[in-house]
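J.: Take this structure, written in C-alpha cells, and hold onto it; I'll ask about it next.
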Amino acid sequence: KQEVTQIPAALSVPEGENLVLNCSFTDSAIYNLQWFRQDPGKGLTSLLLIQSSQREQTSGRLNASLDKSSGRSTLYIAASQPGDSATYLCAVRWETSGSRLTFGEGTQLTVNP
Amino acid sequence: DTEVTQTPKHLVMGMTNKKSLKCEQHMGHRAMYWYKQKAKKPPELMFVYSYEKLSINESVPSRFSPECPNSSLLNLHLHALQPEDSALYLCASSLLDRAYEQYFGPGTRLTVT
C-alpha cells in the first residue's frame with residue numbers, strides 16, 4: 001500500500017534554530033514530491049516541488065532533499081522564525097497514481113520567540 | 001500571479017439546501033481539483049478535471065456534483081448534505097497534470113446544520 005508518513009507530528013523549537021522535518025514513503029516509484037505549509041484554517045501554500053530525478057530543491061531558507069532508494073525526503077528550515085509556525089505537509093505523486101497526491105499527516109511546527 | 005480564489009469563504013447550510021462553491025484561476029492551468037479537509041487531517045482528493053473533463057472521481061457521494069464550465073472555473077454543487085460533510089473544501093490547480101505543482105485556494109469553510 002502506498003503511504004506517506006511524517007514524524008514528528010508536532011515540534012516546538014526556539015527562534016533561530018535550524019530544523020529538519022521528515023517525510024517517508026513506502027513505494028520508491030515516485031513521480032515527484034511536493035512540500036506545503038498550511039496556517040490554521042487556511043489553504044495550502046506550495047513550498048517546493050522535487051521531481052524524481054532531482055536530489056534537492058532550494059528556496060530561500062528552505063531546502064528539500066529526496067532519496068528515493070531509502071523512501072525519504074527532508075525539509076530543512078534554516079534560522080527558524082516565529083512566522084514559520086504552521087503545519088508542514090509532504091505529498092507524493094506515485095508513477096502509477098496520475099495526478100493524485102497522497103499526503104502525510106503533517107508536522108505542526110511552533111517556533112517560539 | 002499564482003492565485004486560486006474561492007467563494008464563499010464561509011457557508012452554513014441546512015440539510016435540505018442546495019448551494020454551490022466556486023473556484024477560479026487565471027494562470028492558464030488546465031487541471032483543477034477539489035479536496036475535502038477535516039480538522040487536523042490532510043486533504044482528501046474528491047475530483048480532478050483535466051482539460052475541462054472529469055478525469056478522477058474518488059467515489060464521492062452524488063450529493064456532491066462538480067462542474068467545470070470553462071478552463072478557469074470549477075464549481076462544486078451541494079445538495080442534501082449531512083452534518084459529517086462539514087469541512088474545509090479546497091480547490092487547487094496545476095499547469096497540466098502530475099508533473100507540475102498544485103496551487104491551492106484559501107478554501108471554503110462549510111458547516112452543515
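J.: Which translational diffusion coefficient, to the nearest whole µm²/s, is obtained for chain A from the Stokes-Einstein equation, given a Kirkwood hydrodynamic radius over C-alpha pairs, 37 °C and 0.692 mPa s?
T.: Working: Rh = 14.0 Å.
Stokes-Einstein gives a translational diffusion coefficient of 234 µm²/s.
J.: Then there is this: Ratio of the protein assembly as shown's C-alpha Rg to 2.2 N^0.38 Å, to two decimals? Don't skip to the answer; put the middle values down first.
T.: Details: Rg = 17.6 Å, N = 226, 2.2 N^0.38 = 17.3 Å.
That ratio works out to 1.02.
J.: Let me ask something else about it. Given the options A:93, A:55, A:72, which has the most mean-square fluctuation in a GNM of chain A, springs set between C-alpha atoms less than 10 angstrom apart?
T.: Ranking A:93, A:55, A:72 by mean-square fluctuation puts A:55 first.
J.: In the stretch A:13-62, what residues drop by 30 Å² or more in accessible surface going from the chain by itself to the full protein assembly, probe 1.4 Å?
T.: A:31, A:38, A:41, A:43, A:44, A:46, A:49
J.: In whole Å, largest first, what are the principal axis extents of the Cα atoms in the stretch B:53-94?
T.: Rounded to whole Å, the extents work out to 31, 18, 17 Å.
J.: Moving to a separate point now. Please report, as a whole percent, how much of the solvent-accessible surface of the protein assembly as shown comes from carbon and sulfur atoms (probe radius 1.4 Å).
T.: Numbers: 5160 of 10620 Å².
For the protein assembly as shown, the apolar C and S fraction of the accessible surface comes to 49 percent.
J.: For the pair A and B, how large is the buried accessible area, both sides, in square angstrom to the nearest 100, if the probe is 1.4 Å? Walk me through the intermediate numbers first.
T.: Values: alone 5990 and 6420 Å², together 10620 Å².
Summing both chains' loss of accessible area gives about 1800 Å².
J.: Still on this model: Which whole-Hz couplings ³J(HN,Hα) result when phi for each residue of the stretch A:3-17 is put into the Karplus expression 6.51 cos²θ - 1.76 cosθ + 1.60, θ = phi - 60°, listed in order with x for Gly and Pro?
T.: 9, 10, 10, 10, 10, x, 6, 9, 8, 10, 9, x, 4, x, 6
J.: Compute the accessible area per residue over the protein assembly as shown, keeping the other protein chains in place, probe 1.4 Å, unit Å².
T.: 47
J.: Okay, next question. What is the sum of charges, Lys and Arg at +1 and Asp and Glu at -1, for the other residues whose Cβ falls under 15 Å from the Cβ of residue B:85?
T.: On the way: positive: B:18, B:19, B:36, B:38, B:41, B:63, B:109; negative: B:44, B:58, B:84.
Net local charge, residue B:85 excluded: +4.
J.: Extension gain residue B:38-residue B:96, at 0.36 nm per residue separation less the Cα-Cα distance, in nm? Numbers along the way, then the final one.
T.: Values: separation 58, 0.36 × 58 = 20.88 nm, distance 2.69 nm.
The residue B:38-residue B:96 span can extend by a further 18.2 nm.
J.: Here's another thing I want to ask about it. Pairs of lysine in chain B with Cα under 23 Å and at least 8 positions apart or on different chains: total?
T.: For chain B, qualifying lysine pairs total 17.
J.: Where Rh is the Kirkwood radius over the Cα pairs of the stretch A:1-41, the temperature 37 °C and the viscosity 0.692 mPa s, what D in µm²/s does Stokes-Einstein return?
T.: Numbers: Rh = 12.8 Å.
Diffusion coefficient, whole number: 256 µm²/s.
J.: Next up: Given a Förster distance of 22 Å, report the FRET efficiency between residue A:26 and residue A:52 from their Cβ-Cβ distance, rounded to the nearest 0.05.
T.: Numbers: r = 15 Å, r/R0 = 0.70.
Plugging the Cβ-Cβ distance into 1/(1 + (r/R0)^6) gives 0.90.
J.: Around residue A:4, under 14 Å between beta carbons, what's the net of Lys plus Arg minus Asp minus Glu among the other residues? Walk me through the numbers before you get to the answer.
T.: Numbers: positive: A:1, A:68, A:72, A:93, A:100, B:41; negative: A:3, A:27, A:105, B:44.
Neighbour charge sum, excluding residue A:4 itself: +2.
J.: Kindly identify residues of the stretch A:92-113 having a loss of at least 30 Å² in accessible area between the isolated chain and the assembly of all protein chains, probe radius 1.4 Å.
T.: So the qualifying set is A:93, A:99, A:100, A:101, A:103, A:105.
J.: Can you compute log10 of I(q)/I(0) for chain B with the Debye formula, treating each Cα as one identical point scatterer, at q = 0.11, 0.13, 0.16 Å⁻¹?
T.: The Debye formula, applied to the Cα set alone, gives -0.31, -0.43, -0.66.
J.: Work through the residues other than residue A:82 whose Cβ is under 13 Å from its Cβ and net out their charges, Lys, Arg +1 and Asp, Glu -1.
T.: Numbers: positive: none; negative: A:15, A:17, A:39, A:84.
Spelling it out: positives minus negatives among the neighbours equals -4.
J.: Here is a further query. Grab the Cα-Cα distance for residue A:69 and residue A:39, subtract it from 0.36 nm times how many residues apart they are, and report the gain in nm with one decimal.
T.: On the way: separation 30, 0.36 × 30 = 10.80 nm, distance 3.15 nm.
Here the answer is 7.7 nm.
The values are calculated or read from the model by the stated rules, or taken from the named source; none is laboratory data. Bear in mind the structure is a predicted one, so any value in this text is a computation, not a measurement. Glycine also receives a Cβ, built like all others from the backbone with ideal geometry; neighbour counts cover every protein chain displayed. Ligands, DNA and RNA are excluded from the accessible area calculation, which covers all protein heavy atoms including side chains. Shrake-Rupley method; radii C 1.70, N 1.55, O 1.52, S 1.80 Å.
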